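Presented below is the structure to which this report refers.
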Amino acid sequence: MPKKGTKSKEVDNAPNQQENKLPDYLEVQRTRVVCNADAPIHTQGYQYSGTFAAMGVDNSVSVEKFCKNFKIEINRLTEDDMEFDMIGIDASIANAFRRILIAEVPTMAIEKIFMVDNTSVIADEVLSHRLGLIPLRADPRLFDYISENDVPNERNTVVYKLHVSCPKGSQRITVKSSELEWLPEGSQLSMAAPAQSGDKQKTFTSFSQSQKEILEEPLGVKFKDITIARLGPGQAIELEAHAVKGVGKVHAKWSPVATAWYRMLPEVVILKDIEGDDAEELVKKCPVNVFDIEDLGNGGKRAVVAKPRACTLCRECVMGPNGNQVELRRVRDHFIFTIESTGALPPEVLFTEAVKILEEKCERVISELS
Amino acid sequence: MAVLAKGDNEGGKVVDTMPLPTYHSLAAPVRKPVDKFALLPAFLKVRGLVKEHIDSFNYFIDKGIKKIVEANNRIEARNDPSIYLRYLDVRVGMPSIYENCNVESITPHLCRLTDRTYSAPIEVDIQYTVGKQHVVKRRNKFIIGYMPIMLRSSACILNEMDEDELAKYGECPLDPGGYFVVKGTEKVILIQEQLSKNRIIVDTDSKGRVIASVTSSTHAIKSKTVVLMDKGKIYLQLNQFTKPIPIIVVMKAMGMESDQEAVQMVGRDPRYGDLLFPSIQECASERIYTRQQALQYMDEKVMYPGATNNKEGRSNSILHDVFIAHVPVKDGNLRPKCIYTAVMLRRMLDAILNSDTFDDKDYVGNKRFELSGQLISLLFEDLFKTMNSQAVERMNKNSDKTRSSPLDFSQLIMQDTITFGLERAISTGNWDIKRFRMHRKGVSQVLSRLSYMATLGYMTRITPQFEKTRKTSGPRALQPSQWGMLCPCDTPEGEACGLTKNLALLSHITTDQEEGPLIDLCHSLGVEDLLFLSSEEIHAPGSFLVMLNGLILGKHKDPQRLVIHLRNLRRSNVIGEFVSIFINEKQRCVHIASDGGRVCRPLIIADMGISRIDETHMTKLRDGTYDFDDFLSGGLIEYLDVNEENNALIALYEHMDQDDVERSSITHIEIEPLSILGVVSGLIPYPHHNQSPRNTYQCAMGKQAMGNIAYNQLFRADSLLYLLVYAQRPLLTTKTIELVGYDKLGAGQNATVAVMGYSGYDIEDAIVMNKSSLDRGFGRCIALKKYTVLKDNYVDGVSDRIVKPQRDKDGVLMKQNMRALDDDGIVAPGQIIRNHDIYVNKQTPMNTSKGIGRPLTDSCYKDSPAIYKGVDGETTVVDRVMLCSDTNDKLSIKCIIRHTRRPEVGDKFSSRHGQKGVCGTIIQQEDFPFSERGICPDLIMNPHGFPSRMTIGKMIELLGGKAGVSCGRFHYGSAFGEPSGNADNVADISSTLIKHGFSYNGKDFLYSGILGQPLEAYIFMGPIYYQKLKHMVLDKMHARASGPRVLLTRQPTEGRSRDGGLRLGEMERDCLIAYGASMLIFERLMLSSDPYQVQVCRKCGLLGYYNHKLKTSYCSMCKNGENMAKMRLPYACKLLFQELHAMNVVPRLKLTEV
């Protein structure tokens, strides 16, 4: 595992390692991605444990080192999104979390629509597609997956109803997602006319109990103001929507995140002191104010790196004649991870779910191997 | 300035940046440049996109039709001229239909839906005699037929309606009109390009001879006169003569007996005399000195088709009527024709002496554009005359037979001639008018409703007259005179390349204007009539000839003054705005043109290089107190046609100096440079940065893009309609896009594109798409298809019937494929319909030839259901069902079936820069690269698409789009728009990008979605407007194992529609032969095709047969079954043998043992 991505170049005092240090330029290559003006270099990193063996430096991965160095710092956490630093981890694992978040953490989404009436201008299929993409406020952990031959029941299906009409002679109305009504008792549509009166009507779901009894809080939609359709006077929509559990791999509607991504920690290094007007210019060049001016007294000015985190890699500072005085780098094992949840689960829960899924996968591999 | 421009990108408000000042403009005191752009929308508001069509049709409805009727206003019985009918007046009424004895007004949309013709009655006021006493009666509003009405013309109900009213009539406000609705289909009469009539064209023919030709066209006659020089001698060539006639003979025949005068008429220059000398000598050698002798000589050469004798006097009448027929002959005075001939000769000799003066046939000034009004007027004239002559015919027949019945012309006029004649011509596109010797095909075409752009493109299209097969490059080349008139980009590829053209945005095509007032005006301005001048004086030095529409009006001693006066009169609205005044120094002529079919365009008038329009005018325009017509009448703007442009010096911008142009000599200023492009090419952003063929490709492709077609698209009944579900407005727009309304009816989506290689499925322009983007609706489209079923009526009131789906006693459907049916036997809207499902459960009577008299029972009907043929496994939905009775009173059932499709591998996409590509693969979002801001591209394009195509415009579009999304302002990329602020500069865009933390060059730092590591290059990424084209795999995919066979040959069928096999063709066969794969050939050509077992008689070598009862084979030729052998051969081979037998050819098979 690469080293912790801090600036202090401490060398681990592992017992099997000598007091060897890589030369600076190799250390940079090993731990940083250097973003030159033309192209980034050293993006790959060194995976082989013995890469630097000749110099007496161990490049291997070990659990102890990982446990020692790994760190998570949460920068921001709101209801819908979070940003945290994941330090001391390889890109492949950080990426695995990202990939799992996007594609494999399950959520509930509308999958089946029973269209009773749709006289709006929006075609049935398009309306269904739109409904499918609405984020639902339903904890997927409380539900099971439904397979093709399963009967929809209270454990695998959530039923919503949408019944809006625009009366004749009135103004045009906009149907918002808030009109979706949760039906805890299951479907209200009967499959066919009852054979005998007195029989319980057969509906499209077979709930054995109300979902109200299973669930602690009522289900609904996450955002109330998503436009579903517009209705003109005399038009109406009546439908029932069945939501099931699924993963983003199958369809993006099941993805629990709007997006999840990371970026490597920016590191901006001033290679040579920049003073005077050049410093002013450098500060001005940067649109995100990475640099600041240090007053050297008696009118002298020197550019310093103030907010390296803000760097968006516009590379203005490394271009031009003075471009070689600054170097933009990314720390290879420090990830600034962002999760934007769609709302079914809070972002921090999503991440733990993702970890669980990865764990599960690892266990599967181990059990398959043994 | 550049700094100022940087500041305005924020805030979403468009601040028009002033162009960068040049060295000159800094030095000279210049006025602040005026933002003239507002003139463009003003022009289009007044003139519209298809105003030329509508103008032309209006002219016909208002004036043309009256002229035609007036010219033929009296018909009378042949044997009794006192029985007559007179047309007093003619009008075209409001569109209506005559049905069941009452008149119903109709709307265009109703016609589209019910397969009717949108037409209006032609009402005439007539005066006619009734009865034997010839009592004169008058009748008003007598209908002589129905005229198809052009939408949005003055006779259309939609004329001058606002958006709300249009919506009420089911019409799209953005629809340009200018087309007809005939039998429910929308038909455009394309603009026809032809050589201008009544003008002298000096050219060389195929043999390299110098010729001067005139195509004369008057109401009475059309003729072509050619004067040519062969071996130094000049001849006249006319179709009526068998041989070319020496020109001096013709002059003599017209009364120009003196050779001296003839030469004087041509000109006093001795070089003319030298060139004319051989011709004069030839005439003298034929011993022709007098008019009589000349006429006699010409009589000999007259061509008589069929007739034998009586040639005398023919040539004289030919000279009067056919020879340069457009020159009027008053009281038998042929002198004008003499002068005209002399002018022709002079032009010809000029061309010989100085090859610069040859005319260029491809020069746009020598072209005329025929519009729908003119074409319909020709058709109407013919039909009107036919109708009248038919009436006379009937009158004559009537008067012979029944003398007692009252004779009355008004009863003999049949409406059908005109109604059906017009309808037939417009719906088939065949203009066959014998009277004018006109046989044209494809004049009208179905208006393509594939996309809004396709519709607009059709309306501006110009088709050539001559055949397309010619390989000549001349007419196909881009003419400099097309500047501003015809679009330089928009032309198809392939055989019609360069021949089919499109109008530019601001161009206009003129209609005919009255000549009379112009002639009077010219005379009062000092034009001297040539009839009062001697031959010598015609070409007096310093004086110029004045020609009006190709006719010699006279001469003027101070042509410059005449021209200035006339132009001033035009600018002050005394004469029409479309009159062109053009002084040709080479020809020493002033050409005045008021004829129809010239292209012209508006330009700002400048005095000594200073624009007449200043900011006050533009403020008034923006406030709405001024409109475009005020600019015209105020003498600020005028229309120049291609010829008059040659007298003008047009500056692109007022405030920019050109190094080699004297500012004071500038006469006009362009309104906007983007107006040199047409409507379709106007939607390309930064076209001036692209390689030119790319723009041409885009013009063809923009018409295939799916999107929104019209506001009424969901209420239309087109046979095939492709719609994009979430069509967007392009992030990088152009001014043209806003002008034509493409921002309201877009045909594409803004996709975030990363330019990089990915996955290897992106070679050969293929693109890699993001699955999540597709899940979220990118490129989703709806295909609406119409299926029509007719409920036929037969004799005796027997008709087809539509029955409800048959069920058994449990109520279960008898057939599974009836599940989509409603109880009325027609498919129910909203139902899912699958392959092989019935959509109309129709039954036809067994016996349709004649009725039985009694009501038919169920057993008399046989099922003839309409079965839906779709793709297996795809769910399609019935969108709408429409019932209407068609023109023959049959019930027609139109089912519109909808299919929503998401993009799949193989679907075709294109950006707006002629960069098409198919979807190569679809990849999960998590595998896609992502940027530091979490942006993940919608599609990935391979960078190899750029170097050879050189579509820099696409790169700038990406940059501009990226800057646009980050600063919240739509960026512009109008053609040549950078100096005038109609396109954003790359420098400004880059500074916006930097301000929002992007790299100036649009390249982002991306992480690999698979590895998680950064990519080893910065990736050019940003939004580009992508179009989904109509070519989709679903419609084309085809494969089969074994399947249907053709009945006759027993070979597999051909073509996708018949589920045909894939042919192993000749060349493929050659490969297999060369390779030696004989068993494979045998398998392909025989076993997999049409194997057949035959019995061959070894003795006679003919085919026998197998008797299944006796279980023996038998040769019917040898009358025994002794020497029979079994063999296999292709069925087609057996068929060939039998066919040869039938032709008395005996093929014999000689069999040997192997």
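The values are calculated or read from the model by the stated rules, or taken from the named source; none is laboratory data. Computed from a predicted model, the values in this text were never measured in an experiment. No Cβ is skipped: glycine too gets one built from the backbone with ideal geometry, and neighbour counts run over all protein chains shown.
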### Query
Being out of contact with any helix residue (DSSP H, G or I) (no Cβ under 8 Å at 6 or more places or on another chain), away from chain A (no Cβ under 14 Å) and crowded, with 23+ Cβ neighbours inside 10 Å, is that true of even one residue in the stretch B:934-942?
yes
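Taking B:P488 as the residue in question, decide whether it is more than 29 Å from B:I604 (Cβ to Cβ), in a loop (DSSP other than H, G, I, E, B) and touching a residue at least 60 places away in the same chain (Cβ under 8 Å).
Judged against the criteria, B:P488 is not a match.
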### Task
Find the residue count for the stretch A:90-119, including only residues that are over 15 Å from the mean Cα position of the chain (by Cα), surrounded by fewer than 22 Cβ atoms within 10 Å (Cβ to Cβ) and over 26 Å from A:I134 (Cα atoms).
2
### Query
Among the candidates B:K233, B:K224, B:K187, which residue alone is surrounded by fewer than 17 Cβ atoms within 10 Å (Cβ to Cβ) and modelled with pLDDT of 85 or more?
B:K224
### Task
For the stretch A:266-309, enumerate the residues that are within 13 Å of chain B (Cβ to nearest Cβ), surrounded by fewer than 22 Cβ atoms within 10 Å (Cβ to Cβ) and of a type outside the set (D, E, K, R).
A:P287, A:V288, A:N289
### Message
For the structure I just gave you, tell me whether B:K361 is in contact with a strand residue (DSSP E or B) (Cβ under 9 Å, 6 or more places away or on another chain) and among the basic types (K, R).
### Response
yes
### Task
Residue by residue through the stretch B:197-211, note down the ones that are assigned to a strand (DSSP E or B) and over 31 Å from the mean Cα position of the chain (by Cα).
B:V210, B:I211
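Please indicate, with yes or no, whether at least one residue in the stretch B:123-131 is in contact (Cβ under 8 Å) with a residue 12 or more places away in the chain, among the aromatic types (F, W, Y), touching a helix residue (DSSP H, G or I) at 6+ places or on another chain (Cβ under 7 Å) and not in a loop (DSSP other than H, G, I, E, B).
Checked against the condition, which is being in contact (Cβ under 8 Å) with a residue 12 or more places away in the chain, among the aromatic types (F, W, Y), touching a helix residue (DSSP H, G or I) at 6+ places or on another chain (Cβ under 7 Å) and not in a loop (DSSP other than H, G, I, E, B), the stretch B:123-131 yields at least one hit.
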### Message
Step by step: first the residues of the stretch B:861-886, then only those that are among the polar types (S, T, N, Q) and away from every other protein chain (no Cβ under 14 Å), then the one that is nearest to B:R834 (Cα to Cα). Which residue is that?
### Response
B:S864
### Query
With respect to B:R729, is the statement that it is assigned by the TED database to the domain that holds B:R949 and assigned to a loop (DSSP other than H, G, I, E, B) true?
yes
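Here is a yes/no grid of residues against (1) modelled with pLDDT of 90 or more; (2) aromatic (F, W, Y); (3) in the same structural domain as B:S377 (by the TED database):
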position: B:E99; (1), (2), (3): no, no, yes
position: B:S105; (1), (2), (3): no, no, yes
position: B:G131; (1), (2), (3): no, no, yes
position: B:K137; (1), (2), (3): no, no, yes
position: B:F142; (1), (2), (3): no, yes, yes
position: B:I149; (1), (2), (3): yes, no, yes
position: B:I157; (1), (2), (3): yes, no, yes
position: B:D162; (1), (2), (3): no, no, yes
position: B:C172; (1), (2), (3): yes, no, yes
### Message
Condition first: free of Cβ contacts under 8 Å to residues at least 24 places away in the same chain, within 29 Å of A:T227 (Cβ to Cβ), among the acidic types (D, E) and surrounded by fewer than 23 Cβ atoms within 10 Å (Cβ to Cβ). Can you find one or more residues in the stretch B:740-758 that meet it?
### Response
yes
## Note on the structure
Screening B:S966, B:S974, B:S980 for residues that are without any contact (Cβ under 8 Å) to a residue 40 or more places away in the chain and hydroxyl-bearing (S, T, Y) leaves only B:S966
### Query
What is the number of the single condition among (1) modelled with pLDDT of 50 or more; (2) buried (at least 18 other Cβ atoms within 10 Å of the Cβ); (3) part of a loop (DSSP other than H, G, I, E, B) that A:M1 does not meet?
(1)
### Query
Across the stretch B:710-730, what is the number of residues that are away from chain A (no Cβ under 14 Å) and crowded, with 22+ Cβ neighbours inside 10 Å?
1
### Message
Please go through the stretch A:112-131 and give me each residue that is farther than 14 Å from A:R230 by Cα, at the interface with another protein chain (Cβ under 9 Å from one of its Cβ atoms) and in contact with a helix residue (DSSP H, G or I) (Cβ under 8 Å, 6 or more places away or on another chain), ordered by number.
### Response
A:M115
### Query
Between residues in the stretch A:95-111 that are more than 11 Å from chain B (Cβ to nearest Cβ) and residues that are of a type in the set (V, I, T) and assigned to a helix (DSSP H, G or I), which pairs lie under 8 Å by C-beta distance while being six or more apart or on different chains?
A:V105/A:I357
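A quick yes/no check of all residues on (1) aromatic (F, W, Y); (2) in the same structural domain as A:L136 (by the TED database); (3) touching a Lys or Arg at 6+ places or on another chain (Cβ under 6 Å):
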site: A:I293; (1), (2), (3): no, no, yes
site: A:L296; (1), (2), (3): no, no, yes
site: A:P308; (1), (2), (3): no, no, no
site: A:L313; (1), (2), (3): no, no, no
site: A:E327; (1), (2), (3): no, no, no
site: A:F335; (1), (2), (3): yes, no, no
site: A:S341; (1), (2), (3): no, no, no
site: A:L350; (1), (2), (3): no, no, no
site: A:R364; (1), (2), (3): no, no, no
## Note on the structure
Scanning the stretch B:990-1019 residue by residue, those under 17 Å from A:K285 (Cα atoms), touching a residue at least 60 places away in the same chain (Cβ under 8 Å) and either surrounded by 23 or more Cβ atoms within 10 Å (Cβ to Cβ) or more than 7 Å from every other protein chain (Cβ to nearest Cβ) (or both) turn out to be B:S991, B:T992
### Message
Among the residues of the stretch A:216-226, are any part of a strand (DSSP E or B), within 14 Å of another protein chain (Cβ to nearest Cβ) and in contact (Cβ under 8 Å) with a residue 40 or more places away in the chain?
### Response
no
### Query
Give me the pairs: first residue in the stretch B:1064-1075 and closer than 16 Å to B:P1052 by Cβ, second residue assigned to a helix (DSSP H, G or I) and not aliphatic (A, V, I, L, M), beta-carbon distance under 9 Å, and six or more apart or on different chains, which are they?
B:L1064/B:R1084; B:E1068/B:R1084; B:R1069/B:R1084
### Task
Within the stretch A:68-86, identify whether any single residue is β-branched (V, I, T) and crowded, with 20+ Cβ neighbours inside 10 Å, and answer yes or no.
no
### Message
For the stretch B:771-782, check the following and say yes or no: at least one residue is within 14 Å of another protein chain (Cβ to nearest Cβ), farther than 30 Å from B:L505 by Cβ, touching a residue at least 12 places away in the same chain (Cβ under 8 Å) and of a type in the set (F, W, Y).
### Response
yes
#### Entry: Members of the stretch B:879-910 found to be basic (K, R) and in a strand (DSSP E or B), listed by number
B:R880, B:K894, B:R898, B:R901, B:K908
#### Entry: Among residues of the stretch B:606-616, those that are buried (at least 20 other Cβ atoms within 10 Å of the Cβ) and touching a helix residue (DSSP H, G or I) at 6+ places or on another chain (Cβ under 7 Å), counted
1
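Here are some residues: B:A1041, B:A983, B:A987. Which one is out of contact with any strand residue (DSSP E or B) (no Cβ under 9 Å at 6 or more places or on another chain) and under 30 Å from B:T736 (Cα atoms)? Walk me through how you get there before you give the answer.
Values: B:A1041 fails: under 30 Å from B:T736 (Cα atoms); B:A983 fails: out of contact with any strand residue (DSSP E or B) (no Cβ under 9 Å at 6 or more places or on another chain).
Going through B:A1041, B:A983, B:A987 in turn, just one is out of contact with any strand residue (DSSP E or B) (no Cβ under 9 Å at 6 or more places or on another chain) and under 30 Å from B:T736 (Cα atoms): B:A987.
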